[in-house]
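A quick write-up on the structure given underneath.
The values are calculated or read from the model by the stated rules, or taken from the named source; none is laboratory data. Predicted, not measured: the structure shown is a model, and the values here were computed from it. Every residue, glycine among them, receives a Cβ derived from its backbone with ideal geometry; neighbour counts consider all protein chains shown. Areas reflect the complete protein model, heavy atoms only, side chains present, ligands, DNA and RNA absent. Shrake-Rupley method; radii C 1.70, N 1.55, O 1.52, S 1.80 Å.
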Amino acid sequence: MLRTVELAVADARASGLDIAIRAVDDKEDENVSMEVAAALVSDPTVVAVIGHKNSGPSGAAGPIYAEAGLAQVTQCSTDNALSRAGWPTFFRMCADNERQAAVAAEFAHTRMPSASAVAVHDGTDYGRPLVQAFAARLEALSGRPVTVLAMRVGQEDFSEIVEAIRDARADIVDFGATEIESSKLMRALRVAGVRAQVISSEGGPDNPIARLAGPAGEGSIHTYAGADPLGTPASRELVRRCLSEIGETPSYVVECYDAVSVIAAALEKGASTRAEVREAIASTDLQGLGGRIRFNAQGDRIEAPVSLWRVVDGRMVPLAESRARRSPGSGAGRAPDQADGSP
């Protein structure tokens, strides 16, 4: 992600903007995030922050940035609570949990309107809200109850959860967990012969869940709380540059680049103080690599993109592309009665 930000800053400097990066590492730890936030706040040359990656560190650092009036533009912290904390300095490039879960629920209901659904979370502040939002939205759409189950991080024995899913005769199983636990549960379901349609929040072009799940992941659907990096000519060019200059396509590559564009646009308008930069970001209305960028009063991106992905032949591919590539009768990983209609 840092390398992508560096690419974007290099582009901004090439266009004449005097901008540089100070990189810090929060080590995915909330206490460390408060320390690095304090260090950034104390540096008068810092006029905006891109980050944090994870919701926990973003939440821990948020009050520090707010008190200092320092704009925080996160590329991929999805916790709904962040934009509801009342921090005028908080801005989010990606979709939040509720929007991502709603897209998953609407997809599930459109494809299988009479389906029985079970949702499983990992007990974390990431997975639990995702599953709760998915269940609430699907229940509202279908009028049918969604059974919610819990696993835990590090769990190895999934027999009880698999049995509960089997007993519920689930046509759809939604996961709210990281790729580690999600892939383990997918393999356990496969071994048990459960053929429900799996939906998770671990999408995107380079998510390792396809590799971790192996054959058990085939046909699974995954949401991604960001723009499809191959969705526009501009974003495809960024992917090409990343592969050439970095060797891979980082997660939320479009949101990382566009976060720099948002800050650069504020500076190009003449903003120089932290207060001016924050005000300019709040009024953003520009076309980024992944689409139009505007923020509401809480700092959430208006109509934040959420893309849908499917595992096909061991690779994560955009859903529309996967439908085009799949040959007739290749229904691996899908519920037996599932059709290939449009989402």
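Observations
- Taking the Cα centre of the range 122-265 as reference, the dipole from Cβ charges on Lys and Arg (+1) and Asp and Glu (-1) amounts to some 320 debye.
- Each Cα pair under 8 Å and six or more residues apart adds its separation to the average, and for the range 133-291 the resulting relative contact order is 15 percent.
- Between the range 8-67 and the range 71-146, the C-alpha centres lie 26 angstrom from each other.
- Computed over protein heavy atoms with a 1.4 Å probe, the accessible surface of the chain works out to 43 Å² per residue.
- Only helices enter this figure: runs of n ≥ 4 DSSP H residues, each worth -39500 (n - 2.57), summed and divided by the residues of the chain, yield -13000 deg cm²/dmol at 222 nm to the nearest 500.
- Each Cα pair under 8 Å and six or more residues apart adds its sequence gap; the mean of these over the residue count of the range 59-161 is a relative contact order of 22 percent.
- Projecting label points 7 angstrom from Cα along Cα→Cβ for Arg166 and Arg294 puts them 5.2 nm apart.
- Between Asn31 and Thr110, residue separation times 0.36 nm minus the direct Cα-Cα distance comes to 24.2 nm.
- Of Asp171, Asp285, Asp25, the residue with the greatest mean-square motion in the GNM of the chain, using alpha carbon springs below 10 Å, is Asp25.
- Between Leu149 and Ala119, Val120, His121, the built amide H atoms are under 5 Å apart, and every one of these is 5 or more places off in sequence or on another chain.
- Gaussian network model of the chain, Cα within-10 Å springs - most flexible of Gly193, Gly204, Gly288: Gly193
- Applying both filters, DSSP loop and at most 16 other Cβ atoms within 10 Å, to the GluC sites (Glu not before Pro) of the range 110-184 gives Glu156.
- The magnitude of the dipole of the chain, with charges of +1 and -1 set on the Cβ of Lys/Arg and Asp/Glu and taken from the Cα centre, is near 920 debye.
- Length released on extending from Asp11 to Glu276, taking residue separation times 0.36 nm less the Cα-Cα span: 93.1 nm
- Surface composition of the chain: carbon and sulfur make up 49 percent of the accessible area, probe 1.4 Å.
- Computing FRET efficiency as 1/(1 + (r/R0)^6) for Asp285 and Arg84, where r is the C-beta to C-beta distance and R0 is 30 Å, gives about 0.85.
- Sequence-ordered 3J(HN,Hα) estimates for the range 227-237 from the Karplus curve with 6.51, -1.76 and 1.60 and θ = phi - 60° stand at 6, 5, x, 9, x, 9, x, 5, 6, 5, 5 Hz, glycine and proline given as x.
- Along the range 304-318 the Karplus relation, 6.51 cos²θ - 1.76 cosθ + 1.60 evaluated at θ = phi - 60°, assigns HN-Hα couplings of 4, x, 10, 10, 10, 10, 10, 7, 10, 6, x, 10, 8, 10, x Hz to successive residues, with x for each Gly and Pro.
- Annotation: amide H-H contacts under 5 Å for Leu308 (H modelled 1.01 Å from N, sequence separation of 5 or more, or interchain): Leu319.
- Looking at the chain alone, DSSP beta bridges between its own residues are antiparallel in about 40 percent of cases.
- Sorting His121, His109 by solvent-accessible area of protein heavy atoms yields His109, His121, largest first, with a 1.4 Å probe.
- Derived scalar couplings between HN and Hα for the range 72-89 equal 10, 10, 8, 7, 7, 7, 9, 4, 4, 4, 4, 7, 9, 7, x, 7, x, 9 Hz in order, rounded to whole Hz, by the Karplus curve 6.51 cos²θ - 1.76 cosθ + 1.60 (θ = phi - 60°), x for Gly and Pro.
- Positive minus negative residues near Asp43 (Lys, Arg vs Asp, Glu; Cβ under 12 Å): +2
- Contour minus Cα-Cα distance for Asp313 and Ile180 (0.36 nm per residue): 45.9 nm
- Among Ile50, Ile199, Ile19, residue whose mean-square fluctuation peaks in a GNM of the chain (springs only between Cα atoms under 10 Å): Ile19
- Charge tally in the Cβ shell below 15 Å around Lys184, where Lys, Arg are +1 and Asp, Glu are -1, Lys184 excluded: -3
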